[in-house]
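The values are calculated or read from the model by the stated rules, or taken from the named source; none is laboratory data. None of these values were measured; they are calculated from a predicted model. Here the Cβ is made from the backbone with ideal geometry for all residues, glycine too, and neighbour counts use every protein chain on show.
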Amino acid sequence: MAHNYPPIRELDLLASTRLFLEQIAILKEQLALPEDFENALAEWHAQLEIRLAAVAQAKAQYHQAKQAKDEAYRAVQNELRRLTRQLRVHPEFTDAMARQLGMPVYDRTLTPVLPGEEIPMLQVETHAGQHWVYFWQEDLRKRGRRGKPRWARAARIVYAIVAPRAPLPPMEQMQYLASATRSPYVWTPPSDAIGQIVWYRAAWETPRGALGPWSDYARAIVG
């Protein structure tokens, strides 16, 4: 592949021009060229050298100036943080003073998380005498399972132990079992309930204990 000529890179162009100027002075008489044949090239070559040197110097100065600027930037940030921390813990420092200084005013009143309308799904499996209570939120859009709703901290699980042919226990007869943050919740029913049925229900619970709607019943036999 043929090389570019004149070269594209600035330093390569300088080198090629320097060689050309040196050799044309030798060939000029042999070729009967005019005396000022290469004068314009020589002048612009000299200008290019000067201006490239100026650019290199400017780059070095810019690098030094940017380092100095960055150092000052970090110092201002750190010092402003230090002073604002001192002000925020001052017993007489008010929100009005913070606004006066251009500082953000923080809301110190926690907004309670309200329960949504999501209903957990339940499934209970028996393993070596233990009940594994699985809970999840059904994702209707993706037709699959996902974890807790964003507003929920845990699933509150209640239970009731009844005889095999007894009717479903009403909510007021069900006892608190756990506020489980991970599925499944594993526990061992009491040994005196062997052969009986444990009914479960669950509801999503907010960080402050507020509940969403209760799930359908799920059951497992005490083995």
Problem set entry | strands (runs of 3 or more DSSP E) enclosed by region 152-223 - at least 1 residues per element that are among the β-branched types (V, I, T), touching a Gly at 6+ places or on another chain (Cβ under 8 Å) and touching a residue at least 24 places away in the same chain (Cβ under 8 Å) | 218-221
Exercise. Has region 194-202 got at least one residue that is closer than 18 Å to P115 by Cα, modelled with pLDDT of 95 or more and out of contact with any helix residue (DSSP H, G or I) (no Cβ under 6 Å at 6 or more places or on another chain)?
Worked result: yes
Exercise. For region 101-144, how many residues meet the condition of being at pLDDT 95 or above and on the phi > 0 side of the Ramachandran plot?
Worked result: 0
For this session: Answer yes or no as to whether A40 is surrounded by 10 or more Cβ atoms within 10 Å (Cβ to Cβ), hydrophobic (A, V, I, L, M, F, W, C) and in a helix (DSSP H, G or I).
Result: no
Exercise. Within region 65-72, can one find any residue that is in a helix (DSSP H, G or I), outside the structural domain of Y200 (by TED's automatic domain parsing) and under 30 Å from P6 (Cβ atoms)?
Worked result: no
Exercise. Residues in region 87-130 that are more than 30 Å from A218 (Cα to Cα) and not acidic (D, E): how many?
Worked result: 23
Seminar exercise, completed: Among G195, G212, G223, G147, the single one that is on the phi > 0 side of the Ramachandran plot and of a type outside the set (D, E) is G195
For this session: Test L52 against the criterion of being on the phi < 0 side of the Ramachandran plot, touching a residue at least 40 places away in the same chain (Cβ under 8 Å), surrounded by 11 or more Cβ atoms within 10 Å (Cβ to Cβ) and part of a helix (DSSP H, G or I), and give yes or no.
Result: yes
Exercise. Going by the structure shown, is A178 out of contact with any Phe, Trp or Tyr (no Cβ under 8 Å at 6 or more places or on another chain), of a type in the set (A, V, I, L, M, F, W, C) and farther than 11 Å from V124 by Cβ?
Worked result: no
Problem set entry | D192 among the acidic types (D, E) and farther than 30 Å from L80 by Cβ | yes
